[in-house]
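The values are calculated or read from the model by the stated rules, or taken from the named source; none is laboratory data. As the structure is a prediction and not an experimental result, all values here were calculated from the model. FYI the Cβ positions are ideal-geometry reconstructions off the backbone, even for glycines, and counts take in every protein chain you see.
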Amino acid sequence: MSNRVLDISLTVNGERLQTRVDARKTLVDFLREDLALTGSHIGCEHGVCGACTVRVNGEIVRGCLMLAVQCDGGSVETIEGLSDSGEVADLQAAFEQRNALQCGYCTPGMLATAQDLLKRGDVPSRDEIREHLSGNYCRCTGYHAIVDAVEAVAHARAGAKK
Amino acid sequence: MKPAPFAYAKVRTLKEAVALLAKHKDDARLLAGGQSLIATLNMRLSAPELLIDINGIKGLDGIAKKGKFVEIGALARHAQVEHSDIVARHAPLIALAMPHIGHPAIRNRGTFGGSIAFADPAAELPACLLALGGEIDIAGPKGKRKVKADAFFKGLFETALRPQEMVTAIRVPAADKNTRVGFAELARRHGDYAIVGLAASARAGGKGLVDVRLAFFGVGATPVRAKNAEAALASSNIDTAVAALDLAPHDDVQATARVKKHLAGVLLRRVAEQLMEPRP
Amino acid sequence: MKITQDSPPVLTALDRPNSYIGRSVPRPNLQRLTHGRGQYVSDVNLPRMAHVAYVRSPHAHARIVKIVTTAAKKAPGVTAVVTGAELAQVMTPWVGVLTHLKGLKSAPQAPIAVERACWQGEAVCAVVARTRAEAEDACELVNVSYEALPAVTDPETALDAKTPVIHPALGDNLCFERKLDAGAVDKAFAEADTVVEATFRFGRHTGVTTEPRAVVADWNEGEQRLTVYHGTQAPHMMQNLFAKHLGIAEHQVRVLTKDVGGSFGIKVHTYADEMATVALSKLLKRPVKFVADRIESFVTDIHARDHRIKGKIGVSKDGTITAFEIDDLTGIGPYSVYPRTSGIEANQIVNLTGGPYRCPNYRAQTRVVFQNKNVMCQYRAVGHPIAVAVTEGLVELAAAKIGIDPLELRRRNLVPDDAYPTQSAAGLKFELLSHHEALAHLDSMMNYAGLRSEQKKLRGKGIYRGIGFASFIEVTNPSAAFYGVGGARITSMDGATVKLDAQGAIIVHTGVTEQGQGAEAVVAQCVASSFGIPLGKVRVVTGDTDNTPYGGGTWASRAAGIGGEAAWQAGKALRANVVAVAASILQAKPEDLDIRNGVVIDKETGTERLPLDELARVAYFRPDTLPPGFQAELMATRHYVPRAWPFAFTNGIQASYLEVDTDTGFVKLLKHWCVEDCGTIINPQLVDEQIRGGVVQGIGAALFEHCLYDERGQLLNGNMADYLVPMAAEMPDIECGHVVSPTADSELGAKGAGEAGTAGAPGSVMNAINDALRPLGAQPLTDMPFTPDKILRALGKV
């Protein structure tokens, strides 16, 4: 019943997998090392910087604060999946247009978190955007262009709905 | 850093969890939200032999109004509590505290019971529980018991939980039209652990307040009730309450004891104003 | 929320049809990053690759008595356990000195400590294993016996007779000192109507690059070649250093940098653990990967900015600044970092203090002392944030004391815009700056008068807002004066090779590198403009010592000014070559042809004559159809190095508007402005974004960031929860404006812009806080970071 190595089944970006993994391996290490999905990044391994933010069962989580084995029976979505499905295409375009990314290391986590905010459907204020992104560390941009990009997409989505 | 090796077991029932805890004792740790535990494992500050994943235990994540109480299951996620109508309406103090806990991704996994059991002295929920005079349901090898909040937080990361026991639910009195709550915390950055915080509840009574409970956090090894200040506030004397603040914080990386004491006074004034306001 | 406008086109020698100079085009290749398909060094995996983890000294200073590795060697997955003594067989130690910093001295530093650990966190043993986790498991089994030694942890007493000398062979703990005395300072102070003195302190910082340092070293024993995947800003410099210390030739080394998750100067230095990783690969004859985790990063990434400066300013009644004086003391680590040295930051402070002002009387001294703490070296805006904060802090303290508006005091003293070329009291040569135009622009951009009246109104209600400024000069486009003259094999030159491919697109190989600032984009824009092709048809290759011209990489804000100029010239040269081919094909005169939008055209009429893909087809596949004796040359290489000026100085001015909660000591940043003159702007959006990112790093300095050490040399807050970096919720919106004073030292006229934000932000925030609290009689705050604790103490509330 208890083991250091376990067999797990899970869906990652829509693809069903069965694999064996060390109990101690975090979700983000599993994604990066076992599945070569290196779009999720490691910045601190203490849950503070947000670079490892991915979606598990539809909710954003810190990939460094979950174990891969906890995802047995669950579904994981990484930036590669969010990207290929087109779900964050407008956010990506806005980020690119406004240079809301420089080195790009925080960007996958930033996009996942921004999408989490915009999924709600309303148009958040700049302060609300800053608050929602307050757990995603960026050293390059100073955040201003990121807030601009998220705000622009929020308006565009709201406009498109009318 | 990567965690030291450990074994992992996912349990489906409370009984299984308690049995494994009893068997492995100090070599096992419960994995609920994991937002504190896995960070400590990643830094190798802790190296248990076994992690007992309790996330699969059904029935421990409910949020319900039960008569004059609001009961929150230990496995209720912070995000669930944050967005709960029942909490918003019947446990408004907790609703005020939730947005301050970490960040959205943390709140999607972190659990109410985990926060209570971990008892970080700078955390919001233990103080809320103390301010509301709540009660904690516990299960262990010797069966079930309840502990009042006033008796639960004993020392630095130390609670009334005996070895191999676990929190199963938390209960707080439901708010009514005379309930008054107030919450404020000071953190350098949104979502950080507070330098100082205050969770307060009271009841409107006659001209002033009765049953004032002021629970400060970030000022000691546990959340602390400032009882002298509570008495003064009951007579609506804010200045006396601030002067009577009976807190003895220590210096830490964030702030000195003197600064914490001063900030506690500032928060008391701000929260006192909130307490004076009638419920919307 | 609007996207940065393109700059209005300026008619100059740059006037090219469809020019990208001055256009805010999005960077090409960003999709790779937004799709999560970049390749950072931490993503690189090679066959047979092993991982290294380092056992690190828990002591700030200790003799390594014994290292027992038997248990570790037997641990699961372990390939090797290697001590400093064993690694010394493979790699030689280094010394971080340069001859132009006279008297600078340092002791040899080994890749893994031998005999003695000199700071908490220094590597004392390497464990190489199949996975990082297994390497860490085995690290716990390495048994190191230490004999703790007294640690030197206070710069103020580091040179005292009774303080132990860290490296006895050096004689004392002095790394470097410098004195400068210009004009007649004592006389000026004696005659000044007002003299203001203040002691400024700057907390130690660390870069906290989002991607930690990473290196994958691959020594191929069969090929006798070393390939290193390295998140470095200067691949050619590292190529030289790896070769030198392994005792092989440069051409046996290839350094590749792909995507880099942030650098800011942190990744331009030589790190013992990275050098050790390279040495381990050679020793073990297989690829070895090292990724610093965040906890390691805090104790090994270079620190910076740990200074105490006693500053003094003299002013006359009419507001003329008559003298500046500084006495700087900085405590670095136990070694001067290699190869750029840990004396540069202090040297810059001496050079730059007082720089924007025409004040001939200036005296400065600096002492750089060794300590048993993490090493210190150049980090974004090297020395500028400190020199600017001291200068601008003194200026505003003086303004307050004599009762002159701080902007007005600056107007009376900034070097006039028509005074150039000129030289500062410290001997810095300025080609062309625009302090006054920038100030005027800022004044109107921020509606200064409006903010002052809002401030006054709110003070009446007990709300304390402050406005603070910082004028600054900034070093960019360095010539050999920065490093080369000191004997470092760090080039100030850069090159670009451009090639027309067989389908008529352009490939550019450049020696500058990309860490997110947009060097690739800037180079592409330069080539696209000077050659005459749509940006979408230009691909840039960078970060590969095998496949780019020898270059300096990206640092000191040189990529646009130097890398861009080389690219511009190469594009021009290729255009001439391609036009020659076109003339030959079309039987026309080269001087009658040009290239626009990817097509060869008739220069006078604009008529399209020959598309480039057709030209390429003929040149590559049908040279038999070209006139005899004609050889098509569809590649061109040009280099550029600044020669006329040691540095291309830029200038700017920043303003901070904030509110201090006088009950809690918390500061709320309301808005920030920066007007920057970086010469010709190649991509206005990229410049603005560099400024914004730089400003926030500077805000981190002013309010949040501080590496806290105890007296035993233990870092107390080396994690992301306790070392506070700026996050989105506390940062203001940042508005940017521009003035353009091109340099004549290049055809593009572009200077650099990467560091200006960081240079001016700390000083302007400090000045704003003091402005806010002045009416309350608070002691001026000059000890960064300005925590609530310090603000409450200044207000007398604790």
Scanning region C:742-761 residue by residue, those in contact with a Phe, Trp or Tyr (Cβ under 8 Å, 6 or more places away or on another chain) and not β-branched (Val, Ile, Thr) turn out to be C:ASP745, C:SER746, C:GLU747, C:LEU748, C:LYS751, C:ALA756, C:ALA759, C:GLY760
Extreme residue, farthest from the other protein chains (Cβ to nearest Cβ), among residues of region A:19-37 that are in a strand (DSSP E or B) and among the charged types (D, E, K, R):
A:ARG20
Sort out for me the helices (runs of 4 or more DSSP H) sitting completely within region B:1-113 that have 1 or more residues that are more than 9 Å from every other protein chain (Cβ to nearest Cβ) and among the aliphatic types (A, V, I, L, M).
B:14-24, B:78-82, B:85-90, B:92-97
Do you know which residues across region C:778-798 are more than 14 Å from chain B (Cβ to nearest Cβ) and either within 14 Å of C:GLY466 (Cα to Cα) or at pLDDT 95 or above (or both)?
C:ALA778, C:PRO780, C:LEU781, C:THR782, C:ASP783, C:MET784
Taking the condition touching a His at 6+ places or on another chain (Cβ under 6 Å) and polar (S, T, N, Q), does C:THR497 pass?
yes
Out of everything in region C:514-534 that is more than 17 Å from C:VAL579 (Cα to Cα), of a type in the set (A, V, I, L, M, F, W, C) and more than 13 Å from every other protein chain (Cβ to nearest Cβ), what residue ends up being nearest to the chain's Cα centre (by Cα)?
C:VAL523
Given the options B:ALA169, B:ALA149, B:ALA174, name the one that is surrounded by 23 or more Cβ atoms within 10 Å (Cβ to Cβ), within 22 Å of B:GLU230 (Cβ to Cβ) and not hydroxyl-bearing (Ser, Thr, Tyr).
B:ALA149
Would you mind telling me which numbered condition in (1) of a type in the set (D, E, K, R); (2) within 14 Å of chain A (Cβ to nearest Cβ); (3) surrounded by fewer than 24 Cβ atoms within 10 Å (Cβ to Cβ) C:LYS537 fails?
(2)
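Quick one: in region A:4-15, which of the residues that are in contact with a strand residue (DSSP E or B) (Cβ under 7 Å, 6 or more places away or on another chain) and in a strand (DSSP E or B) is farthest from the other protein chains (Cβ to nearest Cβ)?
Checking each candidate, the answer is A:THR11.
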Residue, nearest to the other protein chains (Cβ to nearest Cβ), within region A:64-75, restricted to residues that are in contact (Cβ under 8 Å) with a residue 60 or more places away in the chain and part of a loop (DSSP other than H, G, I, E, B)
A:ASP72
Being among the β-branched types (Val, Ile, Thr) and within 14 Å of chain C (Cβ to nearest Cβ) is the filter; apply it to region B:189-217 and report the residue that is nearest to C:MET727 (Cα to Cα).
B:ILE195
Among the candidates C:GLY757, C:GLY763, residue that is buried (at least 24 other Cβ atoms within 10 Å of the Cβ), of a type in the set (Gly, Ala, Ser), modelled with pLDDT of 95 or more and within 30 Å of C:TRP568 (Cα to Cα)
C:GLY757
Region C:434-546: helices (runs of 4 or more DSSP H) wholly inside it with 3 or more residues that are at pLDDT 95 or above and more than 30 Å from A:GLN97 (Cβ to Cβ) are C:435-445, C:448-460
Give the residue that is farthest from the chain's Cα centre (by Cα), with candidates limited to residues of region A:37-62 that are under 14 Å from A:CYS106 (Cβ atoms) and of a type in the set (Gly, Ala, Ser).
A:GLY43
Right, C:PHE242: surrounded by 21 or more Cβ atoms within 10 Å (Cβ to Cβ) and closer than 30 Å to C:PRO780 by Cβ or not?
no
What's the number of the only condition in (1) of a type outside the set (Asp, Glu); (2) modelled with pLDDT under 95; (3) in contact with a strand residue (DSSP E or B) (Cβ under 8 Å, 6 or more places away or on another chain) that B:VAL212 fails to meet?
(2)
Could you grab the pairs with beta carbons closer than 9 Å, sequence gap of 6+ or different chains, first residue in region C:16-28 and in contact (Cβ under 8 Å) with a residue 60 or more places away in the chain and on the phi > 0 side of the Ramachandran plot, second one surrounded by fewer than 20 Cβ atoms within 10 Å (Cβ to Cβ) and assigned to a loop (DSSP other than H, G, I, E, B)?
C:ASN18/C:PRO534; C:ASN18/C:ASN597; C:GLY22/C:ASP6; C:GLY22/C:SER7; C:GLY22/C:PRO8; C:GLY22/C:PRO9; C:GLY22/C:VAL10
Hey, among C:GLY383, C:GLY427, C:GLY403, which residue is of a type in the set (Gly, Ala, Ser) and within 19 Å of C:GLY763 (Cβ to Cβ)?
C:GLY383
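Yes/no matrix, rows are residues, columns are (1) among the aromatic types (Phe, Trp, Tyr); (2) in a loop (DSSP other than H, G, I, E, B); (3) touching a Cys at 6+ places or on another chain (Cβ under 8 Å); (4) over 23 Å from C:TYR54 (Cβ atoms):
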{"site": "C:VAL82", "(1), (2), (3), (4)": "no, no, yes, no"}
{"site": "C:THR99", "(1), (2), (3), (4)": "no, yes, no, yes"}
{"site": "C:ALA107", "(1), (2), (3), (4)": "no, yes, no, no"}
{"site": "C:PRO111", "(1), (2), (3), (4)": "no, yes, no, no"}
{"site": "C:ALA133", "(1), (2), (3), (4)": "no, no, no, no"}
{"site": "C:GLU136", "(1), (2), (3), (4)": "no, no, no, no"}
{"site": "C:ALA151", "(1), (2), (3), (4)": "no, yes, no, no"}
{"site": "C:ASP160", "(1), (2), (3), (4)": "no, yes, no, yes"}
{"site": "C:PHE176", "(1), (2), (3), (4)": "yes, no, no, yes"}
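So which helices (runs of 4 or more DSSP H) are wholly in region A:76-162 and hold at least 1 residues that are more than 7 Å from every other protein chain (Cβ to nearest Cβ) and at pLDDT below 95?
Here the list reads A:144-161.
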Mind checking which residues of region C:395-405 are hydrophobic (A, V, I, L, M, F, W, C) and assigned to a helix (DSSP H, G or I)?
C:VAL395, C:LEU397, C:ALA398, C:ALA399, C:ALA400, C:ILE402
Condition first: more than 14 Å from C:LEU246 (Cα to Cα) and assigned to a strand (DSSP E or B). Now tell me which residues in region C:200-229 satisfy that.
C:PHE200, C:ARG201, C:PHE202, C:HIS205, C:THR206, C:ALA214, C:VAL215, C:VAL216, C:TYR229
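Are any residues in region A:38-60 assigned to a loop (DSSP other than H, G, I, E, B), more than 10 Å from chain C (Cβ to nearest Cβ) and touching a residue at least 40 places away in the same chain (Cβ under 8 Å), and if so, which ones?
Start the filter on region A:38-60 by keeping residues that are assigned to a loop (DSSP other than H, G, I, E, B), which leaves A:38-52, A:57-58.
Next, from what is left, pick out any that are more than 10 Å from chain C (Cβ to nearest Cβ): A:52, A:57-58.
Selection gives A:CYS52 alone.
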Test of understanding: among C:VAL375, C:VAL368, which residue is in contact (Cβ under 8 Å) with a residue 12 or more places away in the chain and under 20 Å from the mean Cα position of the chain (by Cα)?
C:VAL375
